[in-house]
Amino acid sequence: MGSESSRSFSAAVATQIAAFPTARLVQRVVDGNVTIAHFHGILTTLFHQTYSGPYTFAKAAVNCSWQHEVAKEYLLSHAEEERTHWRWVLDDLSATGYQGADPRSQLPHYTCEAFISFQGRVAEQMPVARLAIASVLEGIGSAFGGSYGRQLLQRLNLRPNQASFFLSHGETDKVHAQELTDVIAGCELTAEEWGWMVHAANVAGRFYRGMYDHEAFA
């Protein structure tokens, strides 16, 4: 059962990673139709996800059973590792001449609200499945962060320090993706927990892709 469930989970993660390039903003980057306004739009959309994400890792760690000790410890350590990444968003906005409102003073875009709300629900109801959400995001970053980050630099004539959020994640996410694979492999999950892992991966992938696919990027 475990092996079959593990394969179903891996397939769900792979499907969501593979679907990411269909987002409208990604297509704009590939086609060369991206502007600095689009760049600012995705940074301000992602800000609240980046800010709240570490705290949902921590919440999941608190709620995770000691039966899944390896997951509990990883969730807590990853919360600390991700804790200040929101500052990269603000740094990139400042470095590229953003003149809009401080994202900290704004409410999340509805696509971001859906994503962060789902993270909170998972952290409370099935905390081990917070690893599934991370697996999708780290997988997307590992697969596409570096290449799309470099294309952004070229299309928008940016320096690396002006796109630190995407370029940095493109590198760190490769390590995190493997870490998550190892942590999940070290958990003995029930059928219900595996069901949540698949569900969390599929929902997270759709919601995360939605942040790159909303009306500002049409």
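A few remarks follow.
- Elements of type helices (runs of 4 or more DSSP H) contained in segment 127-187, each with 2 or more residues being aromatic (Phe, Trp, Tyr) and surrounded by 18 or more Cβ atoms within 10 Å (Cβ to Cβ): 164-185
- Of all residue pairs spaced 6 or more apart or on separate chains, those with beta-carbon atoms under 7 Å, a first member in segment 30-58 that is farther than 21 Å from Pro160 by Cβ and a second member that is assigned to a helix (DSSP H, G or I) and open to solvent by 20 Å² or more (accessible area, probe 1.4 Å) are His48/Ile116; Gln49/Ile116; Tyr51/Trp86; Ser52/Ile116; Gly53/Glu82; Pro54/Glu82; Phe57/Glu82; Ala58/Leu76.
- Among the residues examined, Thr111 qualifies as open to solvent by less than 40 Å² (accessible area, probe 1.4 Å) and either part of a helix (DSSP H, G or I) or under 15 Å from Ile42 (Cβ atoms) (or both).
- Restricting segment 73-96 to residues that are open to solvent by less than 30 Å² (accessible area, probe 1.4 Å) and touching a residue at least 40 places away in the same chain (Cβ under 8 Å), the residue that is nearest to Gly210 (Cα to Cα): Val89
- Any pair with Cβ under 9 angstrom, 6 or more apart, that starts in segment 1-21 at a residue that is in contact (Cβ under 8 Å) with a residue 12 or more places away in the chain and ends at one that is among the charged types (D, E, K, R): Gly2/Glu188; Ser5/Glu193; Gln16/Arg206; Gln16/Arg209; Ala19/Arg206; Ala19/Arg209; Phe20/Arg209
- Residues of segment 103-146 satisfying the condition of being under 18 Å from Val62 (Cα atoms), of a type in the set (Gly, Ala, Ser) and touching a Leu at 6+ places or on another chain (Cβ under 8 Å): Ala134
- The set of residues in segment 192-218 being in a helix (DSSP H, G or I) and either of a type in the set (A, V, I, L, M, F, W, C) or touching a strand residue (DSSP E or B) at 6+ places or on another chain (Cβ under 6 Å) (or both) consists of Trp194, Trp196, Met197, Val198, Ala200, Ala201, Val203, Ala204, Phe207, Met211, Ala216, Phe217.
The values are calculated or read from the model by the stated rules, or taken from the named source; none is laboratory data. Note that this is a predicted model, so its numbers are computed, not measured. In this analysis, Cβ positions are derived from the backbone assuming ideal geometry, glycine residues included, and neighbour counts consider all displayed protein chains. Ligands, DNA and RNA are stripped out before the accessible areas are found, and what is left, the full protein with its side chains, is counted by its heavy atoms. Shrake-Rupley method; radii C 1.70, N 1.55, O 1.52, S 1.80 Å.
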